Amino acid sequence: MSDDGPRPSTAKIPAATALDVDVVRHDGAWTERGISDAMVELAAHAALGVAPPSKSAHYEVTVVLTDDAEIRDLNRTWRGKDEPTNVLSFPAGDMPDTEDDSDNRGPHGAPVLLGDIVIALETTAAEAADKAMPLSDHVSHLVVHGALHLLGHNHLDDTEAEQMEDLERQALASLGIADPYADDVPAPDSNAGLAEIT
């Protein structure tokens, strides 16, 4: 990755597809660690670039940057696991599948909500340190991973996991970020910390 952060994706998104990314910070330490809204937005756009929805529309995703305590509460409430994790995805609902919206927006002209991605600082920072990788690269990977879940991708079996990892590699490469699943980088257990709430 370049010293000035990720570069915009060159992947092709359908012409009438747009994505708004709202970044919400529940922990100010994210700013102190150099994680910018622009970096988070680029990662979400990279995911959409490699796995565009079947319907061209105006979409919206929220990325919540929080701490281990909050994500542990969410993980306990929604997954029955009383432990922190790195990322959780909360899909907003079914993806639109018709072309009947003339302006490609949701009800009352609002963007179509994809859902929320929640990332915990302490767990994510520890994982980045263990892998000797920049925190910004690991956060970008988690945003891409979470966004792919919101776009309907999963890793429930080996075939799905391989397909999803390939999409992650493509999105991260478009940002100038090295393959997190390369042989010399220990890959996380696909079911341990990367979670989807359905």
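Taking label points 7 Å from Cα along the Cα-to-Cβ direction, S54 and V24 give a separation of 3.0 nm.
Summing charges over neighbours of V40, with a neighbour being any other residue whose Cβ is under 13 Å away from its Cβ, gives -4 when K and R count +1 and D and E count -1.
The stretch between L113 and A132 holds 3.4 nm of extra length on full extension. This uses 0.36 nm per residue minus the Cα-Cα distance. Taking a Cβ cut-off of under 15 Å around D27, the surrounding Lys, Arg, Asp and Glu residues balance to a net charge of -4, with basic ones at +1 and acidic ones at -1.
Where a number appears in this text, it was derived from the coordinates with a stated rule and is not lab data. All figures in this text were calculated on a predicted structure; none of them were measured in a lab. Please note: Cβ atoms are built from the backbone with ideal geometry, for glycine as well, and neighbour counts cover all protein chains shown.
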